[in-house]
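Encoded as structure tokens, the structure appears first; notes follow it.
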Amino acid sequence: MSKLLARYSPLLLLAVLWQLAWYFEMVSSTALPSLVDVASAWVDLLRSGELLRNAAASLYRGGAGFLLAVVVGGALGMIMAWWRPLNLMLSPLVEIFYPLPKTALIPVTVIWLGFGDASKILLIFLGCMLPVTIGAFNGSRSTEQVMVWSARSMGASRLRILRDVVLPSAMPELLNGIRTALALAFILLVTSELVVAREGLGNLIGYLGSNGSYEAMYSVVLTVAFLGFAADRIYQYFMRWILAWRDATTG
Amino acid sequence: MARRDNGVTTPEQPPGGRSAGLRMVRQTLRTAAYGLPVVALLIAWETFARSGAVTMFILPPASAVAERIWADAAAGDLWRNILTTMYRAFSGFLLGSLIGVAIGIGISRNALARWFFDPIISIGFPMPKVAFLPVIILWLGVFDVSKIAMVTIEVLFPVVTATVIGLQGVNRSVIWSARNLGASQRQLLWHVMIPAAFPQIFTGIQVALPIALIVAVFTEMAMGGYGLGASMMSASRLADSRGVFAGIVAIALVGYCVVKLMGLLRRRVLIWHAEAVMPSTV
């Protein structure tokens, strides 16, 4: 516990500096409200249920888009590595769409599906799919050929090889691609909700900011930042758990 | 890249003669095979949009979008928007890369800097920093400064992380030999550690480049003030779907060129490194 405190002491220092800057009125209190007020605004938002309602909306959109991207993107990448014609057909397209700044898709998804949930889910799906695809593709291609051959000589079917040989050896790269996608999902969620939405955490931030309730706005901004951080940490634990067999075998 | 041939490195191949001609033919074929899916996609887009299955609003035909881009280019709007967006993205990108490398060096060389920055970077790295945009607006206004600041912040984190990992991964024996030969701390840093870690640092910078574009486009969408993002957003508000699609094609082309150029720059800068003879991946 004290070790943890020592490690994160700079953050405490920043919080203290923030509070001091407010106390001595070094900056205007609208630009930097008191931390205490921010905390109480957070509690108010929580009590009124506004925070949870918007968080649920965001979570639904982000989760649905992200899961779709993982399933479709991962399958696509593995099939591309498995079947050469598809690779020849799709890899130029992947290469062209990969560097596309994903936020540029926001107006397009709005034209297609309107302002509701569906357009955000589509945006997050499209934006997060390619990192997963590339991770799955590179991972599957790096499968040691010897292992595939030995599995085949022992009479494994193609599907069985895919499941028991290719998928496990593609796992590390696939999981890294998914991690990139997770970070992107948060960015796209917040940006799309800030630009066009009627609910969701990003929308709440924009709404509170334009109403001038800056304490509440700060509290939601910090909440979103924390959620992104927590999601990544949880994912890292998950990754370590999935890959535990690898560390066990390689020592 | 003449060095690349079917993904196999053949730097020793004798120049000129039949093999060069053969290689040119093969290269042309490869390019054609490469462009085919793109052409197919464009044709599919055009026929689908004209088939009547969807309205022209949902999906304007590719030819109409191309016409629109042409008109924008002739009027000069396109170039002004591209330059504005690039100016914002690249200012933030350069600033973020420089500060990021500096902080990264600080973290790996100085205990105080490590104490202060390490937890901030490790917590800030996975956060969606774009959520801080309203705060940045509050502090810096809605003009170029706040847009560039937002890009800088987002670029900073991957660069710092890559720099720290790169510097930590420098082969110990190289450092020991440099010390044995009497290198000072400064010489060690500039002549041994940074060059050795440079491929990793450059990877971090390469990762940050698309992020810089994403954030620049987003800040323009949220705040307006010209640029590709702002022009797309105003087209969307006016229900001008051709304008929106023209915008996305333009942004896609710009993004593709910028990322490709960065890959070429990497080969140029790291020409001394072993990776330069390997097939390019990006």
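Every read-out reported here was derived from the displayed coordinates using simple, explicitly stated rules and does not represent laboratory data. Remember, predicted model here, so these are calculated numbers, not experimental data. With ideal geometry, Cβ positions are generated from the backbone for all residues, glycine too; neighbour counts draw on all protein chains shown.
Would you point out the residue of the stretch A:1-20, among those that are of a type outside the set (Gly, Ala, Ser) and under 21 Å from A:Tyr214 (Cα atoms), that is farthest from the chain's Cα centre (by Cα)? I'd like the intermediate steps shown before the answer.
Taking the stretch A:1-20 and keeping what is of a type outside the set (Gly, Ala, Ser), we get A:1, A:3-5, A:7-8, A:10-14, A:16-20.
Now narrow it down to the ones that are under 21 Å from A:Tyr214 (Cα atoms): A:14, A:16-20.
Working: A:Leu14: 26, A:Val16: 30, A:Leu17: 31, A:Trp18: 29, A:Gln19: 31, A:Leu20: 34 Å.
Among those residues, the one meeting the criterion is A:Leu20.
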(request) Those residues that are touching a helix residue (DSSP H, G or I) at 6+ places or on another chain (Cβ under 6 Å), assigned to a helix (DSSP H, G or I) and over 13 Å from A:Leu105 (Cα atoms), I need them from the stretch B:216-229; list them, please. (result) B:Ala216, B:Thr219, B:Glu220, B:Ala222, B:Gly227
(request) Determine which single condition B:Gly100 fails, assuming it passes every other condition in (1) touching a Leu at 6+ places or on another chain (Cβ under 7 Å); (2) within 13 Å of chain A (Cβ to nearest Cβ); (3) surrounded by 23 or more Cβ atoms within 10 Å (Cβ to Cβ). (result) (2)
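Scan the stretch B:133-143 residue by residue and report those that are facing another protein chain (nearest Cβ under 8 Å) and either under 18 Å from A:Leu189 (Cβ atoms) or crowded, with 17+ Cβ neighbours inside 10 Å (or both).
In the first step, residues of the stretch B:133-143 are kept if they are facing another protein chain (nearest Cβ under 8 Å); the result is B:133-135, B:137-139.
Correct list: B:Leu133, B:Pro134, B:Val135, B:Ile137, B:Leu138.
Going by the conditions given, is B:Ile107 within 28 Å of A:Gly209 (Cβ to Cβ) and either within 8 Å of chain A (Cβ to nearest Cβ) or touching a helix residue (DSSP H, G or I) at 6+ places or on another chain (Cβ under 6 Å) (or both)? Walk me through it before giving the result.
Values: within 28 Å of A:Gly209 (Cβ to Cβ): no; either within 8 Å of chain A (Cβ to nearest Cβ) or touching a helix residue (DSSP H, G or I) at 6+ places or on another chain (Cβ under 6 Å) (or both): yes.
Answer is no for this residue.
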(request) Being more than 7 Å from every other protein chain (Cβ to nearest Cβ) and within 20 Å of A:Leu204 (Cα to Cα) is the filter here, so list the residues in the stretch B:118-132 that pass it. (result) B:Lys129
(message) among the small types (Gly, Ala, Ser) and either outside any helix (DSSP H, G or I) or within 14 Å of another protein chain (Cβ to nearest Cβ) (or both): is that true of B:Gly166 in this structure?
(response) no
(request) Having 2 or more residues that are in contact with a Cys (Cβ under 7 Å, 6 or more places away or on another chain) and surrounded by 24 or more Cβ atoms within 10 Å (Cβ to Cβ) is the bar; report the helices (runs of 4 or more DSSP H) wholly within the stretch A:150-217 that clear it. (result) A:167-195
(message) Can you confirm whether A:Gly212 is within 12 Å of chain B (Cβ to nearest Cβ) and on the phi > 0 side of the Ramachandran plot?
(response) yes
(request) Among the residues of the stretch B:46-105, write down those that are of a type in the set (S, T, N, Q), touching a residue at least 24 places away in the same chain (Cβ under 8 Å) and either more than 17 Å from B:Ala252 (Cα to Cα) or out of contact with any Asp or Glu (no Cβ under 7 Å at 6 or more places or on another chain) (or both). (result) B:Asn81, B:Thr84, B:Ser91, B:Ser97
(message) among the hydroxyl-bearing types (Ser, Thr, Tyr), within 27 Å of the chain's Cα centre (by Cα) and more than 12 Å from chain B (Cβ to nearest Cβ): is that true of A:Tyr23 in this structure?
(response) no
